[in-house]
1. Is at least one residue of the range 44-61 of a type outside the set (Asp, Glu) and more than 18 Å from the chain's Cα centre (by Cα)?
2. Are any residues in the range 26-67 in contact (Cβ under 8 Å) with a residue 24 or more places away in the chain and aromatic (Phe, Trp, Tyr), and if so, which ones?
3. Give me the residue from the range 66-78 that is outside any helix (DSSP H, G or I) and surrounded by fewer than 10 Cβ atoms within 10 Å (Cβ to Cβ) and, out of that set, farthest from the chain's Cα centre (by Cα).
Amino acid sequence: MREGQPSFLYRYLPFWLAVWVGRLLKIMIPLLAIGLPLANYLPSIINLKLKVRMAKAYFELKKIEEEATPLFFGESDIDKLLRLQEKINQFELEANQMKIPAMQTDSFFNLKQNIVTLSDRLRNRLNEIQGK
């Protein structure tokens, strides 16, 4: 307006629309200036969330394994073995319902392999005790 000509918006749009678009631009430009750098951190946040979820799952698996360790090295309590086997089966069901991004399935399948390994060890120890 200083040069005597209306701005681009006022030249090609109706007045009410030019005012609305001008206000919208005044709001959107700062939001984009803040939002775009934050969007760069989004994959890191998703990975951190997945790592925390997997760490919790491994912590639970470690607790079950710590309960089972005495049973692997001499103790022969069938009721405790059966309870732990049921616990590991329940844990496996919960792990199967975890939602994991397709690109991050390697940590999920490692967890599942560890669950299967512990379950096999419990089953083998139960067969040893029942076989005696």
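1. Step one: list which residues in the range 44-61 are of a type outside the set (Asp, Glu), which gives 44-59, 61.
Among the residues that remain, those that are also more than 18 Å from the chain's Cα centre (by Cα) are: none.
Within the range 44-61, not a single residue is of a type outside the set (Asp, Glu) and more than 18 Å from the chain's Cα centre (by Cα).
2. TYR58 - this is the single residue of the range 26-67 that is in contact (Cβ under 8 Å) with a residue 24 or more places away in the chain and aromatic (Phe, Trp, Tyr).
3. Initial filter on the range 66-78 (outside any helix (DSSP H, G or I)): 73-77.
Still in the list and also surrounded by fewer than 10 Cβ atoms within 10 Å (Cβ to Cβ): 73-74.
Values: PHE73: 35, GLY74: 38 Å.
Ranking the candidates gives GLY74 first.
Residue by residue, here is whether (1) surrounded by fewer than 16 Cβ atoms within 10 Å (Cβ to Cβ); (2) touching a Lys or Arg at 6+ places or on another chain (Cβ under 7 Å); (3) assigned to a helix (DSSP H, G or I); (4) acidic (Asp, Glu) holds:
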site	(1), (2), (3), (4)
ILE64	no, yes, yes, no
LYS80	yes, no, yes, no
GLN90	yes, no, yes, no
ALA95	no, yes, yes, no
ASP106	yes, no, yes, yes
VAL116	yes, no, yes, no
SER119	no, no, yes, no
ARG123	yes, no, yes, no
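FYI, it's all coordinate maths here, none of it is from the lab. Everything numeric in this text was worked out from a predicted model, so none of it was measured. A quick note on method: Cβ atoms are made from the backbone with ideal geometry, for glycine too, and the neighbour counts reach across all protein chains shown.
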